[in-house]
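Taking it in order: structure first as C-alpha coordinates, then the write-up.
The values are calculated or read from the model by the stated rules, or taken from the named source; none is laboratory data. Here the structure is a predicted model, which is why all the values come from computation and not from measurement. All Cβ positions, even for glycine, are placed from backbone atoms using ideal geometry, and neighbour counts span all protein chains on display.
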Amino acid sequence: MTYSQTIAEARSAITPNAPTWSGIEAESVARMRLQNRFKTGLDIARYTAKIMREDMAAYDADPSLYTQSLGCWHGFIGQQKLIAIKKHFGSTKRRYLYLSGWMVAALRSEFGPLPDQSMHEKTSVPALIEELYTFLRQADARELGMLFRELDAARAAGDAVNQHRLMGKIDAFQTHVVPIVADIDAGFGNAEATYLLAKKFIEAGACCIQIENQVSDEKQCGHQDGKVTVPHEDFIAKIRAVRYAFMELGVDDGVIVARTDSLGAGLTKQIAYVREPGDIGDQYNAFLDCDEVDLTAIGHGDVIISRDGKLLRPKRLPSNLYQFRPGTGEDRCVLDCIHALQNGADLLWIETEKPHIGQIGGMVRRIREVIPNAKLVYNNSPSFNWTLNFRQQVFDAWAEAGRDVSAYDRARLMSVDYDGTELAGEADERIRTFQADSAREAGIFHHLITLPTYHTAALSTDNLAKTYFGDQGMLGYVKGVQREEIRQGIACVKHQNMAGSDIGDDHKEYFAGEAALKAGGAHNTMNQFAA
(Lines give C-alpha, C1' and ligand atoms only; values in the text may rest on other atoms or scores of the structure.)
Protein backbone atom coordinates (compact mmCIF):
# COMPACT_ATOMS: atom_id res chain seq x y z
CA MET A 1 0.00 0.00 0.00
CA THR A 2 1.39 3.41 -0.99
CA TYR A 3 1.71 6.41 1.30
CA SER A 4 -1.27 8.09 -0.40
CA GLN A 5 -3.37 4.94 -0.08
CA THR A 6 -2.50 4.63 3.61
CA ILE A 7 -3.63 8.24 4.16
CA ALA A 8 -6.90 7.51 2.33
CA GLU A 9 -7.48 4.39 4.42
CA ALA A 10 -6.93 6.35 7.65
CA ARG A 11 -9.26 9.12 6.45
CA SER A 12 -12.03 6.59 5.76
CA ALA A 13 -11.82 5.46 9.40
CA ILE A 14 -11.75 9.02 10.80
CA THR A 15 -14.57 10.59 8.74
CA PRO A 16 -17.49 8.59 10.21
CA ASN A 17 -16.40 9.69 13.70
CA ALA A 18 -16.46 13.42 13.00
CA PRO A 19 -16.61 15.83 14.74
CA THR A 20 -15.30 14.09 17.88
CA TRP A 21 -12.22 12.87 16.00
CA SER A 22 -11.60 16.23 14.36
CA GLY A 23 -8.20 16.50 16.05
CA ILE A 24 -6.99 13.26 14.44
CA GLU A 25 -5.12 13.90 11.18
CA ALA A 26 -5.26 11.14 8.55
CA GLU A 27 -1.71 11.81 7.38
CA SER A 28 -0.36 11.60 10.92
CA VAL A 29 -2.12 8.25 11.38
CA ALA A 30 -0.67 7.04 8.07
CA ARG A 31 2.81 8.03 9.18
CA MET A 32 2.48 6.17 12.46
CA ARG A 33 1.18 3.08 10.65
CA LEU A 34 4.08 3.08 8.21
CA GLN A 35 6.52 3.57 11.07
CA ASN A 36 5.06 0.51 12.82
CA ARG A 37 4.68 -1.94 9.94
CA PHE A 38 5.23 -5.06 12.08
CA LYS A 39 2.73 -5.41 14.91
CA THR A 40 3.94 -8.69 16.43
CA GLY A 41 6.93 -10.99 16.43
CA LEU A 42 4.94 -13.50 14.39
CA ASP A 43 4.47 -10.83 11.69
CA ILE A 44 8.26 -10.52 11.61
CA ALA A 45 8.87 -14.30 11.61
CA ARG A 46 6.51 -14.84 8.65
CA TYR A 47 7.97 -11.90 6.71
CA THR A 48 11.61 -12.88 7.28
CA ALA A 49 11.03 -16.61 6.67
CA LYS A 50 9.78 -15.73 3.19
CA ILE A 51 12.91 -13.64 2.58
CA MET A 52 15.19 -16.44 3.72
CA ARG A 53 13.44 -19.05 1.58
CA GLU A 54 13.75 -16.79 -1.47
CA ASP A 55 17.44 -16.28 -0.72
CA MET A 56 17.98 -20.04 -0.41
CA ALA A 57 16.36 -20.60 -3.81
CA ALA A 58 18.45 -17.81 -5.35
CA TYR A 59 21.63 -19.40 -3.96
CA ASP A 60 20.67 -22.80 -5.42
CA ALA A 61 20.46 -21.12 -8.84
CA ASP A 62 23.63 -19.03 -8.38
CA PRO A 63 26.15 -19.75 -5.56
CA SER A 64 27.57 -16.24 -5.84
CA LEU A 65 24.36 -15.06 -4.12
CA TYR A 66 25.38 -16.22 -0.66
CA THR A 67 24.18 -14.44 2.48
CA GLN A 68 26.04 -12.96 5.47
CA SER A 69 25.47 -11.93 9.05
CA LEU A 70 27.29 -10.61 12.11
CA GLY A 71 26.63 -11.69 15.68
CA CYS A 72 24.78 -9.45 18.15
CA TRP A 73 24.48 -9.19 21.90
CA HIS A 74 22.42 -5.98 22.13
CA GLY A 75 19.60 -4.43 20.12
CA PHE A 76 21.54 -1.23 19.53
CA ILE A 77 24.41 -3.15 17.94
CA GLY A 78 22.04 -4.99 15.63
CA GLN A 79 20.36 -1.73 14.70
CA GLN A 80 23.64 -0.02 13.90
CA LYS A 81 24.71 -2.89 11.65
CA LEU A 82 21.59 -2.55 9.54
CA ILE A 83 21.75 1.25 9.46
CA ALA A 84 25.38 0.95 8.31
CA ILE A 85 24.46 -1.63 5.66
CA LYS A 86 21.74 0.61 4.23
CA LYS A 87 24.06 3.62 4.32
CA HIS A 88 26.96 1.90 2.55
CA PHE A 89 25.18 -0.53 0.23
CA GLY A 90 21.69 0.92 -0.21
CA SER A 91 19.98 -2.39 0.53
CA THR A 92 19.76 -5.00 3.27
CA LYS A 93 19.29 -7.83 0.75
CA ARG A 94 21.08 -11.05 1.75
CA ARG A 95 22.35 -9.46 4.97
CA TYR A 96 21.02 -10.97 8.21
CA LEU A 97 21.75 -10.88 11.93
CA TYR A 98 23.13 -13.75 13.99
CA LEU A 99 22.22 -14.26 17.64
CA SER A 100 25.02 -16.11 19.37
CA GLY A 101 24.36 -18.23 22.44
CA TRP A 102 28.02 -17.71 23.34
CA MET A 103 27.54 -13.94 23.53
CA VAL A 104 24.30 -14.28 25.49
CA ALA A 105 26.10 -16.47 28.03
CA ALA A 106 29.13 -14.19 28.21
CA LEU A 107 27.34 -10.83 28.20
CA ARG A 108 23.62 -11.16 29.02
CA SER A 109 23.24 -13.61 31.88
CA GLU A 110 22.12 -12.53 35.34
CA PHE A 111 24.82 -14.85 36.70
CA GLY A 112 27.48 -12.67 35.10
CA PRO A 113 29.94 -13.83 32.42
CA LEU A 114 29.51 -17.53 31.73
CA PRO A 115 31.18 -20.07 29.43
CA ASP A 116 29.22 -21.36 26.45
CA GLN A 117 27.71 -24.33 28.29
CA SER A 118 23.96 -23.54 28.28
CA MET A 119 24.09 -22.32 31.89
CA HIS A 120 22.48 -18.95 31.09
CA GLU A 121 18.77 -18.36 31.49
CA LYS A 122 17.01 -19.99 28.53
CA THR A 123 14.55 -17.07 28.23
CA SER A 124 17.42 -14.59 27.75
CA VAL A 125 17.72 -15.63 24.09
CA PRO A 126 14.11 -14.93 23.03
CA ALA A 127 14.31 -11.72 25.08
CA LEU A 128 17.28 -10.65 22.96
CA ILE A 129 15.44 -11.54 19.72
CA GLU A 130 12.60 -9.28 20.81
CA GLU A 131 15.06 -6.54 21.77
CA LEU A 132 16.84 -6.73 18.41
CA TYR A 133 13.60 -6.34 16.51
CA THR A 134 12.48 -3.48 18.78
CA PHE A 135 15.64 -1.59 17.80
CA LEU A 136 15.26 -2.47 14.11
CA ARG A 137 11.66 -1.26 14.09
CA GLN A 138 12.82 1.94 15.77
CA ALA A 139 15.38 2.37 12.98
CA ASP A 140 12.48 2.17 10.50
CA ALA A 141 10.51 4.76 12.46
CA ARG A 142 13.50 7.10 12.66
CA GLU A 143 14.40 6.93 8.97
CA LEU A 144 10.79 7.33 7.83
CA GLY A 145 10.35 10.19 10.30
CA MET A 146 13.24 12.04 8.69
CA LEU A 147 11.67 11.50 5.25
CA PHE A 148 8.35 12.86 6.54
CA ARG A 149 10.13 15.95 7.86
CA GLU A 150 11.82 16.45 4.49
CA LEU A 151 8.43 16.12 2.80
CA ASP A 152 6.94 18.77 5.10
CA ALA A 153 9.85 21.11 4.30
CA ALA A 154 9.39 20.57 0.56
CA ARG A 155 5.68 21.37 0.87
CA ALA A 156 6.44 24.51 2.87
CA ALA A 157 8.86 25.60 0.14
CA GLY A 158 6.35 24.81 -2.62
CA ASP A 159 8.85 22.41 -4.22
CA ALA A 160 6.59 19.99 -6.13
CA VAL A 161 9.48 18.11 -7.74
CA ASN A 162 11.07 17.33 -4.39
CA GLN A 163 7.69 16.38 -2.95
CA HIS A 164 7.22 13.84 -5.75
CA ARG A 165 10.73 12.46 -5.17
CA LEU A 166 10.19 12.08 -1.45
CA MET A 167 6.81 10.40 -1.91
CA GLY A 168 8.59 7.86 -4.12
CA LYS A 169 11.26 7.27 -1.46
CA ILE A 170 8.60 6.71 1.19
CA ASP A 171 6.75 4.23 -1.03
CA ALA A 172 10.00 2.39 -1.85
CA PHE A 173 11.26 2.37 1.76
CA GLN A 174 13.13 -0.81 2.67
CA THR A 175 12.77 -1.98 6.26
CA HIS A 176 15.71 -2.65 8.53
CA VAL A 177 13.94 -5.83 9.69
CA VAL A 178 15.91 -8.82 8.37
CA PRO A 179 16.11 -12.53 9.26
CA ILE A 180 17.81 -13.49 12.50
CA VAL A 181 19.57 -16.85 12.75
CA ALA A 182 18.96 -17.65 16.43
CA ASP A 183 21.03 -20.10 18.49
CA ILE A 184 18.99 -22.46 20.69
CA ASP A 185 22.14 -24.36 21.74
CA ALA A 186 21.27 -28.04 22.24
CA GLY A 187 17.66 -27.26 23.14
CA PHE A 188 18.03 -26.62 26.89
CA GLY A 189 16.58 -29.97 27.91
CA ASN A 190 14.51 -32.70 26.32
CA ALA A 191 12.44 -32.38 23.13
CA GLU A 192 9.48 -30.88 25.02
CA ALA A 193 11.75 -28.20 26.53
CA THR A 194 13.13 -27.51 23.05
CA TYR A 195 9.61 -27.14 21.64
CA LEU A 196 8.52 -24.71 24.37
CA LEU A 197 11.63 -22.59 24.00
CA ALA A 198 11.40 -22.63 20.19
CA LYS A 199 7.90 -21.15 20.48
CA LYS A 200 9.31 -18.29 22.54
CA PHE A 201 11.95 -17.71 19.84
CA ILE A 202 9.33 -17.61 17.07
CA GLU A 203 6.88 -15.43 18.99
CA ALA A 204 9.74 -12.96 19.46
CA GLY A 205 10.32 -12.90 15.68
CA ALA A 206 12.84 -15.66 14.84
CA CYS A 207 12.31 -17.27 11.44
CA CYS A 208 15.47 -19.40 11.68
CA ILE A 209 16.55 -21.57 14.62
CA GLN A 210 19.94 -23.27 14.86
CA ILE A 211 20.20 -26.38 17.03
CA GLU A 212 23.20 -28.62 17.71
CA ASN A 213 23.57 -32.34 18.30
CA GLN A 214 25.37 -32.18 21.63
CA VAL A 215 23.96 -33.53 24.87
CA SER A 216 22.00 -30.66 26.40
CA ASP A 217 23.36 -30.98 29.95
CA GLU A 218 26.95 -31.56 28.75
CA LYS A 219 26.97 -28.81 26.09
CA GLN A 220 30.31 -27.16 25.29
CA CYS A 221 31.35 -24.39 22.93
CA GLY A 222 31.94 -25.86 19.48
CA HIS A 223 35.58 -24.74 19.59
CA GLN A 224 36.41 -26.24 22.96
CA ASP A 225 37.16 -29.78 24.07
CA GLY A 226 34.84 -32.20 25.86
CA LYS A 227 31.92 -32.19 23.40
CA VAL A 228 29.45 -35.08 23.69
CA THR A 229 26.97 -35.92 20.92
CA VAL A 230 23.59 -37.67 21.03
CA PRO A 231 22.26 -40.50 18.84
CA HIS A 232 20.56 -39.40 15.64
CA GLU A 233 17.04 -40.26 16.80
CA ASP A 234 17.41 -38.01 19.85
CA PHE A 235 18.53 -35.11 17.67
CA ILE A 236 15.82 -35.73 15.09
CA ALA A 237 13.19 -35.57 17.86
CA LYS A 238 14.38 -32.04 18.66
CA ILE A 239 14.37 -31.02 15.00
CA ARG A 240 10.76 -32.22 14.82
CA ALA A 241 9.95 -30.31 18.01
CA VAL A 242 11.19 -27.07 16.41
CA ARG A 243 9.20 -27.77 13.24
CA TYR A 244 6.04 -28.38 15.27
CA ALA A 245 6.62 -25.04 17.03
CA PHE A 246 6.92 -23.23 13.70
CA MET A 247 3.79 -24.87 12.32
CA GLU A 248 1.71 -24.38 15.47
CA LEU A 249 2.39 -20.64 15.23
CA GLY A 250 1.66 -20.46 11.51
CA VAL A 251 5.23 -19.97 10.31
CA ASP A 252 5.13 -22.95 7.97
CA ASP A 253 8.27 -21.96 6.07
CA GLY A 254 10.42 -21.41 9.17
CA VAL A 255 14.04 -22.48 8.71
CA ILE A 256 15.90 -25.05 10.85
CA VAL A 257 19.70 -25.20 10.88
CA ALA A 258 21.02 -28.56 12.11
CA ARG A 259 24.50 -28.18 13.55
CA THR A 260 26.86 -31.10 14.02
CA ASP A 261 29.80 -30.91 16.41
CA SER A 262 30.94 -34.44 15.58
CA LEU A 263 34.18 -33.36 13.92
CA GLY A 264 35.59 -32.34 17.30
CA ALA A 265 33.44 -34.55 19.53
CA GLY A 266 34.91 -37.94 20.40
CA LEU A 267 32.33 -38.93 23.01
CA THR A 268 28.71 -39.98 23.32
CA LYS A 269 26.56 -40.30 26.40
CA GLN A 270 24.35 -43.03 25.02
CA ILE A 271 24.54 -46.17 22.97
CA ALA A 272 21.83 -45.84 20.35
CA TYR A 273 18.86 -48.19 20.30
CA VAL A 274 19.01 -50.65 17.39
CA ARG A 275 15.88 -52.18 15.84
CA GLU A 276 17.59 -53.99 12.98
CA PRO A 277 21.06 -54.21 11.41
CA GLY A 278 21.99 -51.11 9.40
CA ASP A 279 19.30 -48.86 10.88
CA ILE A 280 19.93 -45.33 12.15
CA GLY A 281 20.95 -46.54 15.61
CA ASP A 282 23.24 -49.23 14.26
CA GLN A 283 24.98 -46.69 12.01
CA TYR A 284 25.66 -44.46 15.04
CA ASN A 285 26.96 -47.34 17.17
CA ALA A 286 29.24 -48.50 14.36
CA PHE A 287 31.59 -45.63 15.22
CA LEU A 288 32.00 -46.67 18.87
CA ASP A 289 35.50 -47.64 19.94
CA CYS A 290 35.08 -51.27 21.03
CA ASP A 291 37.13 -54.30 22.03
CA GLU A 292 36.01 -57.75 20.96
CA VAL A 293 35.43 -60.04 23.96
CA ASP A 294 34.18 -63.54 24.62
CA LEU A 295 31.73 -64.60 27.30
CA THR A 296 34.46 -65.64 29.71
CA ALA A 297 36.16 -62.21 29.58
CA ILE A 298 33.11 -60.11 30.41
CA GLY A 299 33.76 -58.22 33.63
CA HIS A 300 31.41 -57.13 36.39
CA GLY A 301 29.48 -54.03 35.25
CA ASP A 302 30.65 -54.27 31.63
CA VAL A 303 28.35 -53.01 28.88
CA ILE A 304 28.36 -55.39 25.93
CA ILE A 305 26.81 -54.98 22.48
CA SER A 306 26.42 -57.57 19.77
CA ARG A 307 27.26 -56.92 16.12
CA ASP A 308 27.62 -59.39 13.26
CA GLY A 309 27.75 -62.34 15.64
CA LYS A 310 30.51 -60.79 17.77
CA LEU A 311 30.42 -59.50 21.34
CA LEU A 312 31.93 -56.03 21.69
CA ARG A 313 32.79 -53.99 24.78
CA PRO A 314 32.47 -50.21 24.07
CA LYS A 315 35.21 -48.21 25.74
CA ARG A 316 33.63 -46.37 28.66
CA LEU A 317 35.22 -43.58 30.68
CA PRO A 318 34.82 -43.01 34.45
CA SER A 319 32.43 -40.18 33.47
CA ASN A 320 30.15 -42.92 32.03
CA LEU A 321 30.70 -41.55 28.52
CA TYR A 322 31.58 -43.76 25.58
CA GLN A 323 34.40 -43.13 23.12
CA PHE A 324 34.19 -43.06 19.35
CA ARG A 325 37.01 -44.51 17.28
CA PRO A 326 39.72 -41.92 16.56
CA GLY A 327 39.63 -40.47 13.05
CA THR A 328 35.90 -41.02 12.51
CA GLY A 329 34.80 -37.42 13.01
CA GLU A 330 34.39 -36.54 9.34
CA ASP A 331 32.40 -39.70 8.59
CA ARG A 332 30.16 -39.01 11.58
CA CYS A 333 29.64 -35.40 10.41
CA VAL A 334 28.54 -36.56 6.97
CA LEU A 335 26.11 -39.09 8.44
CA ASP A 336 24.75 -36.51 10.92
CA CYS A 337 24.08 -34.08 8.09
CA ILE A 338 22.37 -36.61 5.83
CA HIS A 339 20.06 -37.83 8.58
CA ALA A 340 19.23 -34.24 9.65
CA LEU A 341 18.26 -33.18 6.12
CA GLN A 342 16.27 -36.39 5.60
CA ASN A 343 14.31 -35.64 8.78
CA GLY A 344 13.23 -32.02 8.52
CA ALA A 345 16.29 -29.75 8.72
CA ASP A 346 16.73 -27.12 5.99
CA LEU A 347 20.36 -26.07 6.39
CA LEU A 348 23.49 -27.58 7.90
CA TRP A 349 26.19 -26.21 10.18
CA ILE A 350 29.44 -28.15 10.47
CA GLU A 351 31.62 -26.82 13.27
CA THR A 352 35.23 -27.15 12.13
CA GLU A 353 38.57 -26.54 13.83
CA LYS A 354 39.92 -24.31 11.03
CA PRO A 355 38.64 -22.38 8.01
CA HIS A 356 39.73 -24.67 5.18
CA ILE A 357 37.73 -24.80 1.95
CA GLY A 358 39.14 -28.20 0.98
CA GLN A 359 38.06 -29.80 4.25
CA ILE A 360 34.56 -28.27 4.21
CA GLY A 361 34.04 -28.89 0.51
CA GLY A 362 35.09 -32.52 0.82
CA MET A 363 32.37 -33.20 3.39
CA VAL A 364 29.73 -31.27 1.44
CA ARG A 365 30.44 -33.23 -1.74
CA ARG A 366 29.84 -36.46 0.16
CA ILE A 367 26.58 -35.13 1.60
CA ARG A 368 25.43 -33.95 -1.83
CA GLU A 369 25.85 -37.45 -3.23
CA VAL A 370 22.71 -38.20 -1.19
CA ILE A 371 21.11 -34.72 -0.82
CA PRO A 372 22.01 -32.75 -3.99
CA ASN A 373 20.87 -29.33 -2.75
CA ALA A 374 22.49 -29.55 0.71
CA LYS A 375 23.57 -26.09 1.92
CA LEU A 376 25.64 -24.88 4.85
CA VAL A 377 25.63 -22.11 7.38
CA TYR A 378 29.28 -21.57 8.31
CA ASN A 379 30.83 -20.00 11.38
CA ASN A 380 33.67 -17.67 10.29
CA SER A 381 34.75 -17.90 13.88
CA PRO A 382 36.99 -15.50 15.83
CA SER A 383 38.16 -18.69 17.57
CA PHE A 384 40.26 -19.33 14.45
CA ASN A 385 43.57 -17.53 14.07
CA TRP A 386 42.76 -16.50 10.50
CA THR A 387 46.13 -14.90 9.81
CA LEU A 388 48.16 -17.92 10.98
CA ASN A 389 45.83 -20.49 9.40
CA PHE A 390 45.90 -18.94 5.94
CA ARG A 391 49.60 -18.17 6.00
CA GLN A 392 50.23 -21.82 6.85
CA GLN A 393 47.87 -22.93 4.07
CA VAL A 394 49.83 -20.85 1.57
CA PHE A 395 53.14 -22.14 2.99
CA ASP A 396 51.95 -25.74 2.59
CA ALA A 397 50.64 -25.12 -0.94
CA TRP A 398 53.94 -23.52 -1.97
CA ALA A 399 55.97 -26.34 -0.44
CA GLU A 400 53.83 -28.95 -2.18
CA ALA A 401 54.30 -27.11 -5.48
CA GLY A 402 58.09 -27.17 -5.01
CA ARG A 403 58.52 -23.45 -4.30
CA ASP A 404 61.33 -22.31 -2.04
CA VAL A 405 59.89 -21.57 1.43
CA SER A 406 63.22 -21.45 3.26
CA ALA A 407 62.70 -17.74 4.07
CA TYR A 408 59.69 -18.62 6.22
CA ASP A 409 59.35 -20.33 9.59
CA ARG A 410 55.97 -22.09 9.45
CA ALA A 411 55.52 -21.97 13.23
CA ARG A 412 56.18 -18.19 13.36
CA LEU A 413 54.10 -17.05 10.40
CA MET A 414 51.87 -14.91 12.65
CA SER A 415 54.86 -12.65 13.27
CA VAL A 416 54.73 -9.04 12.09
CA ASP A 417 58.08 -9.77 10.42
CA TYR A 418 56.17 -11.49 7.60
CA ASP A 419 53.47 -8.84 7.12
CA GLY A 420 54.93 -7.33 3.95
CA THR A 421 55.91 -10.60 2.29
CA GLU A 422 54.49 -12.23 -0.82
CA LEU A 423 53.25 -15.13 1.28
CA ALA A 424 51.33 -12.80 3.61
CA GLY A 425 49.82 -11.00 0.62
CA GLU A 426 48.56 -14.23 -0.91
CA ALA A 427 47.17 -15.35 2.46
CA ASP A 428 45.27 -12.08 2.88
CA GLU A 429 43.81 -12.44 -0.60
CA ARG A 430 42.61 -15.94 0.29
CA ILE A 431 41.00 -14.54 3.44
CA ARG A 432 39.35 -11.76 1.41
CA THR A 433 37.81 -14.21 -1.06
CA PHE A 434 37.14 -17.02 1.44
CA GLN A 435 33.39 -16.43 1.63
CA ALA A 436 32.84 -16.18 -2.12
CA ASP A 437 35.18 -19.10 -2.83
CA SER A 438 33.61 -21.39 -0.24
CA ALA A 439 30.08 -20.41 -1.30
CA ARG A 440 30.99 -21.61 -4.78
CA GLU A 441 33.16 -24.61 -3.90
CA ALA A 442 31.86 -25.82 -0.52
CA GLY A 443 28.10 -25.21 -0.60
CA ILE A 444 28.06 -22.43 2.00
CA PHE A 445 24.82 -20.45 1.70
CA HIS A 446 25.27 -18.29 4.78
CA HIS A 447 28.47 -16.90 6.26
CA LEU A 448 28.40 -15.50 9.78
CA ILE A 449 30.85 -14.20 12.34
CA THR A 450 29.60 -15.27 15.74
CA LEU A 451 31.35 -12.80 18.05
CA PRO A 452 32.48 -9.75 16.03
CA THR A 453 31.01 -7.03 18.22
CA TYR A 454 32.37 -8.66 21.37
CA HIS A 455 35.83 -8.11 19.92
CA THR A 456 35.22 -4.70 18.33
CA ALA A 457 33.77 -3.37 21.59
CA ALA A 458 36.85 -4.61 23.46
CA LEU A 459 39.28 -3.18 20.90
CA SER A 460 37.63 0.26 20.62
CA THR A 461 37.23 0.55 24.40
CA ASP A 462 40.88 -0.36 24.93
CA ASN A 463 41.97 2.28 22.42
CA LEU A 464 39.78 4.95 24.03
CA ALA A 465 40.94 4.10 27.55
CA LYS A 466 44.59 4.22 26.47
CA THR A 467 44.25 7.75 25.08
CA TYR A 468 41.62 9.31 27.36
CA PHE A 469 43.21 8.22 30.63
CA GLY A 470 46.66 9.00 29.22
CA ASP A 471 48.15 12.35 28.31
CA GLN A 472 45.64 13.05 25.48
CA GLY A 473 42.70 13.49 27.88
CA MET A 474 39.58 14.71 26.10
CA LEU A 475 41.41 14.79 22.78
CA GLY A 476 41.54 11.00 22.99
CA TYR A 477 37.74 10.94 22.73
CA VAL A 478 37.34 13.81 20.29
CA LYS A 479 40.02 12.67 17.85
CA GLY A 480 39.45 8.94 18.14
CA VAL A 481 35.65 8.91 18.33
CA GLN A 482 33.60 12.05 17.74
CA ARG A 483 35.65 13.56 14.91
CA GLU A 484 35.53 10.23 13.08
CA GLU A 485 31.77 9.92 13.68
CA ILE A 486 31.22 13.33 12.10
CA ARG A 487 33.53 12.77 9.13
CA GLN A 488 32.24 9.26 8.41
CA GLY A 489 28.61 10.26 8.75
CA ILE A 490 27.87 7.95 11.67
CA ALA A 491 24.25 8.60 12.66
CA CYS A 492 24.98 8.11 16.36
CA VAL A 493 26.85 11.40 16.57
CA LYS A 494 23.29 12.74 16.96
CA HIS A 495 22.58 10.42 19.84
CA GLN A 496 19.37 12.22 20.89
CA ASN A 497 17.92 11.57 17.45
CA MET A 498 19.00 7.93 17.60
CA ALA A 499 17.25 7.51 20.96
CA GLY A 500 13.96 8.70 19.47
CA SER A 501 13.82 12.34 20.53
CA ASP A 502 12.65 13.60 17.11
CA ILE A 503 10.05 10.83 16.85
CA GLY A 504 8.75 11.92 20.24
CA ASP A 505 8.55 15.55 19.05
CA ASP A 506 6.52 14.47 16.03
CA HIS A 507 4.09 12.61 18.27
CA LYS A 508 3.79 15.60 20.62
CA GLU A 509 2.77 17.73 17.65
CA TYR A 510 0.21 15.12 16.53
CA PHE A 511 -1.27 14.98 20.03
CA ALA A 512 -1.09 18.62 21.17
CA GLY A 513 -0.62 20.71 18.03
CA GLU A 514 0.75 24.20 18.75
CA ALA A 515 0.79 23.48 22.48
CA ALA A 516 3.45 20.78 22.07
CA LEU A 517 6.60 21.30 24.13
CA LYS A 518 9.36 19.96 21.91
CA ALA A 519 12.95 18.97 22.71
CA GLY A 520 14.40 19.73 19.29
CA GLY A 521 14.33 23.52 19.42
CA ALA A 522 17.07 26.09 18.91
CA HIS A 523 18.75 25.30 22.22
CA ASN A 524 19.21 21.59 21.49
CA THR A 525 22.98 21.04 21.34
CA MET A 526 22.50 18.37 18.67
CA ASN A 527 22.07 21.29 16.26
CA GLN A 528 25.86 21.64 16.40
CA PHE A 529 26.01 18.55 14.19
CA ALA A 530 23.59 19.81 11.54
CA ALA A 531 26.43 20.18 9.02
Item to complete: Of the conditions (1) out of contact with any Asp or Glu (no Cβ under 7 Å at 6 or more places or on another chain); (2) under 26 Å from Val255 (Cβ atoms); (3) of a type in the set (Lys, Arg), Arg94 clears all except one; give me its number.
Response: (1)
Worksheet item: Are there any pairs, at least 6 apart or on different chains, whose C-beta atoms fall under 8 Å, with the first in the stretch 237-250 and on the phi > 0 side of the Ramachandran plot and of a type outside the set (D, E, K, R) and the second part of a helix (DSSP H, G or I) and surrounded by fewer than 24 Cβ atoms within 10 Å (Cβ to Cβ), and if so, which?
Response: Gly250/Leu42; Gly250/Arg46
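Every residue in the stretch 136-163 that is touching a Leu at 6+ places or on another chain (Cβ under 8 Å) and either of a type in the set (Asp, Glu) or crowded, with 20+ Cβ neighbours inside 10 Å (or both), please.
The first filter runs over the stretch 136-163 and keeps only residues touching a Leu at 6+ places or on another chain (Cβ under 8 Å), leaving 136, 139, 144, 147, 150-151, 154, 163.
Result: Leu136, Ala139, Leu144, Glu150, Leu151.
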Worksheet item: Checking Glu9 against (1) touching a Gly at 6+ places or on another chain (Cβ under 8 Å); (2) surrounded by fewer than 16 Cβ atoms within 10 Å (Cβ to Cβ); (3) in a helix (DSSP H, G or I), which test does it fail?
Response: (1)
Practice prompt. Taking the options Leu128, Leu147, Leu82, name whichever one is assigned to a helix (DSSP H, G or I), within 30 Å of Glu27 (Cβ to Cβ) and at pLDDT 95 or above.
Written response: Leu147
Worksheet item: Taking interchain pairs and intrachain pairs at least six residues apart, which have beta carbon atoms under 6 angstrom, with the first residue in the stretch 100-122 and on the phi > 0 side of the Ramachandran plot and buried (at least 18 other Cβ atoms within 10 Å of the Cβ) and the second of a type outside the set (A, V, I, L, M, F, W, C) and in a loop (DSSP other than H, G, I, E, B)?
Response: Ser118/Asp185; Ser118/Lys219
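Has the stretch 238-253 got at least one residue that is touching an Asp or Glu at 6+ places or on another chain (Cβ under 6 Å), of a type in the set (A, V, I, L, M) and more than 19 Å from Glu121 (Cβ to Cβ)? Walk me through how you get there before you give the answer.
First pass over the stretch 238-253, keeping only residues touching an Asp or Glu at 6+ places or on another chain (Cβ under 6 Å): none.
Looking for residues that are touching an Asp or Glu at 6+ places or on another chain (Cβ under 6 Å), of a type in the set (A, V, I, L, M) and more than 19 Å from Glu121 (Cβ to Cβ), one finds none in the stretch 238-253, hence no.
So for the stretch 463-482 (the condition being under 23 Å from the mean Cα position of the chain (by Cα), surrounded by 17 or more Cβ atoms within 10 Å (Cβ to Cβ) and in contact (Cβ under 8 Å) with a residue 12 or more places away in the chain), does at least one residue qualify?
Looking for residues that are under 23 Å from the mean Cα position of the chain (by Cα), surrounded by 17 or more Cβ atoms within 10 Å (Cβ to Cβ) and in contact (Cβ under 8 Å) with a residue 12 or more places away in the chain, one finds none in the stretch 463-482, hence no.
Residue by residue, here is whether (1) under 22 Å from Ser4 (Cβ atoms); (2) surrounded by fewer than 17 Cβ atoms within 10 Å (Cβ to Cβ); (3) hydroxyl-bearing (Ser, Thr, Tyr); (4) touching a strand residue (DSSP E or B) at 6+ places or on another chain (Cβ under 7 Å) holds:
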| position | (1), (2), (3), (4) |
| --- | --- |
| Ile24 | yes, yes, no, no |
| Ala30 | yes, no, no, no |
| Phe38 | yes, no, no, no |
| Tyr47 | no, no, yes, no |
| Ile51 | no, no, no, no |
| Glu54 | no, yes, no, no |
| Asp60 | no, yes, no, no |
| Pro63 | no, no, no, no |
| Tyr66 | no, no, yes, yes |
